[in-house]
Amino acid sequence: MKILICNDDGYKARGIHVLARIMAQFGEVTVVAPKFHQSAMSLAVSLGVKQLAYKDLPEEGPGKWTYLDATPASCVKFGLEFKYENRDPDLVVCGINHGTNASTAANYSATLGAAEEAAINGRKAIGVSLCDFRSDADFSAVEALLPDIMKKILDNWPENHPGLFYNINFPALPLEVIKGVKVARQGAGHWVKEFEPWDESSLGVLQDSFLWQHYRVTLEDGEKAVFMRGTFVNDDTDAGTADHLLLEQGWITIAPFNAQMTDPEEFERLQKLI
């Protein structure tokens, strides 16, 4: 099996190295990852007349590694174009993301954006996340459980299902505490109070987070600085199927997503109406 791996945390992140080791059990691994952290880029691509630097990384492994100074979706495009003769990896796996990609976070996620890019190109695609933003997150439960989850998904992948990709989230819990695996749907929620005045003294634990990148900029006259953080508001009442609520209960969640964005129920309603 030929496996392309990508992430949004950058090629130096611990999660992608764990994922490469896990997926090397299944076949030949090729990694194309962003040079720098690219969280919340969704399906953004690096368009325009812009130089995109890349570099092969023979010191990394397992597999063949390259970084590209571009978005995760662009990394998948690059991998398909330049790392496979016929754009034909059997599988694209993205992650392991440092942080949750459940509920509405999935809409912003560049981990899932990269998986969606693969699905658009007709490749089997899976995104994997651990609900722990720390750079030294403990991936031992993922290493123990993900291989069997992957095998079951791959052995039962449906035929003729264009656009399909899977979103797997692990709770940040020790192996012995995790309850098991649940098939889930994307839970509903949104963020409020998302913008705060820039104040480094208020960043707290975020300063130690792998995902948190703050850039000091030179402000022009009259400019003030803010940053985005926000408070998540749960809009879901079904704790038995919503991915973020199941994660809170200690379950690993698998949610089937699709790059085909047409709403099937509304499609049928409109056909009858118009």
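The values are calculated or read from the model by the stated rules, or taken from the named source; none is laboratory data. All figures in this text were calculated on a predicted structure; none of them were measured in a lab. Using ideal geometry, Cβ is built from the backbone for each residue, glycine included, and neighbour counts are taken over all protein chains shown.
Name the residue that is nearest to Ala70 (Cα to Cα), counting only residues in segment 106-136 that are touching a strand residue (DSSP E or B) at 6+ places or on another chain (Cβ under 9 Å) and part of a loop (DSSP other than H, G, I, E, B).
Ser109
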Worksheet item: Restricting attention to segment 81-99, which residues are touching a residue at least 60 places away in the same chain (Cβ under 8 Å) and among the acidic types (Asp, Glu)?
Response: Asp88, Asp90
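For segment 55-66, state whether one or more residues are hydrophobic (A, V, I, L, M, F, W, C) and without any contact (Cβ under 8 Å) to a residue 40 or more places away in the chain.
There is no residue in segment 55-66 that is hydrophobic (A, V, I, L, M, F, W, C) and without any contact (Cβ under 8 Å) to a residue 40 or more places away in the chain.
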Practice prompt. State yes or no: is Asp9 on the phi < 0 side of the Ramachandran plot, of a type in the set (Asp, Glu) and in contact with a His (Cβ under 6 Å, 6 or more places away or on another chain)?
Written response: yes
Worksheet item: Restricting attention to segment 102-159, which residues are under 28 Å from Met228 (Cβ atoms) and hydroxyl-bearing (Ser, Thr, Tyr)?
Response: Ser103, Thr104, Tyr108, Ser109, Thr111, Ser129, Ser135
Discussion item. Kindly evaluate Asn167 against the criterion of being surrounded by 15 or more Cβ atoms within 10 Å (Cβ to Cβ) and at pLDDT 95 or above.
Written reply: yes
Practice prompt. Select from segment 137-163 the residues that are outside any helix (DSSP H, G or I) and among the acidic types (Asp, Glu) and list them in ascending order.
Written response: Asp138, Glu159
Worksheet item: Which residue, of Trp191, Trp251, Trp212, is modelled with pLDDT under 95 and among the aromatic types (Phe, Trp, Tyr)?
Response: Trp212
Discussion item. For the list (1) within 16 Å of Leu4 (Cβ to Cβ); (2) touching a Pro at 6+ places or on another chain (Cβ under 7 Å), I need the number of the one condition that Asn121 fails.
Written reply: (2)
Response to the item:
Within segment 75-105, residues surrounded by fewer than 24 Cβ atoms within 10 Å (Cβ to Cβ) and part of a helix (DSSP H, G or I) come out as Lys77, Phe78, Leu80, Glu81, Phe82
Worksheet item: Out of segment 25-57, which residues are over 15 Å from Cys75 (Cβ atoms), touching a strand residue (DSSP E or B) at 6+ places or on another chain (Cβ under 8 Å) and part of a loop (DSSP other than H, G, I, E, B)?
Response: Phe26, Gly27
